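Worksheet for the structure shown next.
The values are calculated or read from the model by the stated rules, or taken from the named source; none is laboratory data. The structure presented is a predicted model; accordingly, all values stated were derived computationally and were not measured. Cβ sites come from the backbone with ideal geometry, for glycine too, and all protein chains shown count toward neighbours. To get the accessible areas, we keep the full protein, side chains included, count just its heavy atoms, and leave off ligands, DNA and RNA. Shrake-Rupley method; radii C 1.70, N 1.55, O 1.52, S 1.80 Å.
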Amino acid sequence: MLLDRFREAKAEEIALLTDMASRRELPRPWKGRRPDFLKAIAEPPDGQPVAVIAEFKQSSPSRGVIATGLKPEEVAEQYAAAGASCISVLTEEQFFGGRIGYLERMSRAGLPLLRKDFIFHQLQVMETASTPASALLLIVRLTPDARTLRVLREQAEAYGMHAVVEVFDAADLEIARDSGARIIQVNARDLDTLKTDRQACLDMAKFRREGEVWIAASAMSAGAHLREAAEAGFQAVLMGTALMDGGRPGEKLAAILEETI
Ligand SMILES: O=P(O)(O)OC[C@@H](O)[C@@H](O)c1c[nH]c2ccccc12
C-alpha cells in the first residue's frame, strides 16, 4: 500500500529527529509571524467562488516529474499575484521532490503556507513549528486514531499553526470529527490507489457541519471545478498539478480564476 511506503519513508527522518531531541538539538520554534491560514480560506476573496490553495509540487507518484527548475520563492510571488489565498508546499522529498527548506523561501510572499507531508509524530509537528508554516496536513488514513490526531492538532495549535485533517470517505470523516478537527480536506485522489473521483469528493460536502471549513483537493483543473466545489459547499479548493504543469503556475492560476468570473 502506497500509504505504508509513505510512512516507511518517514521512519529515517523521525529517527533523526528523535536523536536530535535526545541531545536537545531540535530546531527552535519559528519566532516570526504566521499569517492566519484559517482566516485566509474561511471566506473566498471578492469575485472568487472559493479560496484557492495553490500547491508547489514538482513531482508525484501519479504523474512523475511535473515541473523542474522552478524557484519556490518566484512561484510563491506568482501565486500571490494571481489571487491564491494560501500556498500548499510539498516537503516530502522521495515521492514528491519536496524540501522542508522551501517553506522559509516561500514565506517571503506573505501568504499562509500549508506544509504538505506525511506527518504522524509529535517530533514532525515540532520540526514544522521551526519553519514559518501556518498549517500542516494530518491524514486520517495515515493516523487512523482520533486521540493521536487530536494530540497532534492541539500541539500544532499550541505553536500557532492550524491542522488540516484529510479524509477520503465518511468513515475517515467520523474519525476526523472524533478528533475535534474543524478544517476538513476531502481528497479526490485515493492516496493508496491514486485513483481520482471528483464527484465522490464533491458529494462528501453534504456532511459538512456549521463551523467547519472544508477544502476540496486534487483533480481540479478548471474554473468550472471551482464553481462546482463552491456549489457543493466547499470553502476552498487545493490545486497542484494543473497549476505546476507546463512550468508557468502563476499564469495558469490567473487563467483558471478568470474562467470563474
Ligand atoms: O495535483 P492535484 O491533483 O491538484 O492534487 C493536489 C493535492 O491535493 C495533492 O497533492 C495532495 C492531497 N493530499 C495529499 C497528501 C500528500 C501528498 C499530496 C497530497
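Overview of values
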quantity: Proximal lysines relative to Lys10, as straight alpha-carbon distance under 24 Å, when same-chain residues fewer than 8 apart are discounted; calculated: Lys57, Lys116, Lys195
quantity: GNM flexibility winner over the chain from Ala40, Ala219, Ala81 (Cα, springs under 10 Å); calculated: Ala81
quantity: Highest to lowest packing among 159-170, 17-28, 107-118, 58-69, scored as the average C-beta count within 10 Å; calculated: 107-118, 159-170, 58-69, 17-28
quantity: The stretch 51-146: antiparallel DSSP beta bridges as a percent of all, rounded to 5; calculated: 15 percent
quantity: Mean shadow area of the stretch 1-57, taken as a quarter of the surface of its Cα convex hull (nm²); calculated: 7.1 nm²
quantity: Debye intensity ratio I(q)/I(0), log10, the stretch 204-261, q values 0.15, 0.26, 0.31 Å⁻¹ (C-alpha model); calculated: -0.45, -1.03, -1.28
quantity: Where the Cα pairs of the stretch 153-198 fall when distances are cut into 5 Å bins, in %; calculated: 5, 22, 24, 20, 15, 10, 4, 0
quantity: Loop trypsin sites (Lys or Arg not before Pro), the stretch 173-206, which have at most 14 other Cβ atoms in a 10 Å radius of their Cβ (DSSP); calculated: Lys195
quantity: Whole-angstrom Cα spans of the stretch 72-138 along principal axes, big to small; calculated: 35, 22, 17
quantity: For the chain, size of Cβ-based charge dipole, Lys and Arg +1, Asp and Glu -1, in debye; calculated: 520 debye
quantity: Cα coordinate range in the stretch 105-161, projected on the principal axes (Å, largest first); calculated: 35, 21, 15
quantity: Estimated distance in nm for a label pair at Arg28 and Gln199, the labels positioned 7 Å out from Cα along Cα-to-Cβ; calculated: 5.5 nm
quantity: Residue-normalised accessible area of the chain, expressed per residue, 1.4 Å probe, Å²; calculated: 43 Å²
